[in-house]
1. Of 46, 62, 77, 50, which residue is assigned to a loop (DSSP other than H, G, I, E, B), surrounded by fewer than 21 Cβ atoms within 10 Å (Cβ to Cβ) and modelled with pLDDT of 95 or more?
2. Take residue 14 and decide whether it is of a type in the set (Gly, Ala, Ser) and open to solvent by 70 Å² or more (accessible area, probe 1.4 Å).
3. Could you give me the residue pairs with C-beta distances under 8 Å whose first residue belongs to segment 76-99 and is in contact (Cβ under 8 Å) with a residue 40 or more places away in the chain, whose second residue is polar (S, T, N, Q) wherever it lies, and which are 6+ apart or on separate chains?
4. Quick check on segment 84-104. Is at least one of its residues of a type in the set (S, T, N, Q), within 24 Å of residue 27 (Cβ to Cβ) and part of a helix (DSSP H, G or I)?
5. Just checking, which of 70, 56 is modelled with pLDDT of 95 or more and either assigned to a loop (DSSP other than H, G, I, E, B) or within 12 Å of the chain's Cα centre (by Cα) (or both)?
Amino acid sequence: MRIPVVVLTLILASVILAVAVPKLTGQAQMRERMAHLGVSPGLTRLIGGLEIAAVAGLLLGLLWWPIGVAAAVGLTLLLIGAAVYHARAKDPAPMTVVPVVFALAAGALAVLHVVNG
């Protein structure tokens with residue numbers, strides 16, 4: 001069962017890193033998207049920092065599974081929050097469903113870590 005943990009970790013880490021960097025660097029398109037959701041620039045940077053921490057935790061979780069569980073649970077909560085913000089902004093369903101799908105994947109990763117631990 002180690003292979004699914006590694007694969008899911010690498011997929012989640014790649015996707016989350018790809019959305020975290022524009023938040024941290026203040027990319028104009030990301031600032032506009034976050035402003036549409038009602039998220040301030042300061043909170044956007046905080047979210048980006050939390051996402052980077054989640055990526056680090058997910059990767060460190062490959063070495064010590066309790067860190068992976070903590071990171072996956074934290075990421076799950078962060079992504080549920082993202083889905084709530086998208087729903088509140090009345091974004092199209094696909095924009096709301098995407099963070100839910102990744103939240104489910106992060107939750108599944110936490111479960112896989114515990115089962116394999």
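1. So the residue among 46, 62, 77, 50 that is assigned to a loop (DSSP other than H, G, I, E, B), surrounded by fewer than 21 Cβ atoms within 10 Å (Cβ to Cβ) and modelled with pLDDT of 95 or more is 62.
2. Details: of a type in the set (Gly, Ala, Ser): yes; open to solvent by 70 Å² or more (accessible area, probe 1.4 Å): yes.
Considered against the rule, which asks whether it is of a type in the set (Gly, Ala, Ser) and open to solvent by 70 Å² or more (accessible area, probe 1.4 Å), residue 14 comes out as yes.
3. Short answer, once both residue conditions are applied: 86/96.
4. yes
5. None of the other options fit; the residue is 56.
The values are calculated or read from the model by the stated rules, or taken from the named source; none is laboratory data. Note that the coordinates shown come from a computational prediction; the quantities given were computed from them, not determined experimentally. Ideal geometry is used to build each Cβ from the backbone, glycine not excepted, and the neighbour counts take in all protein chains shown. Note: accessible area is taken over every heavy atom of the protein model, side chains too, but ligands, DNA and RNA are not part of it. Shrake-Rupley method; radii C 1.70, N 1.55, O 1.52, S 1.80 Å.
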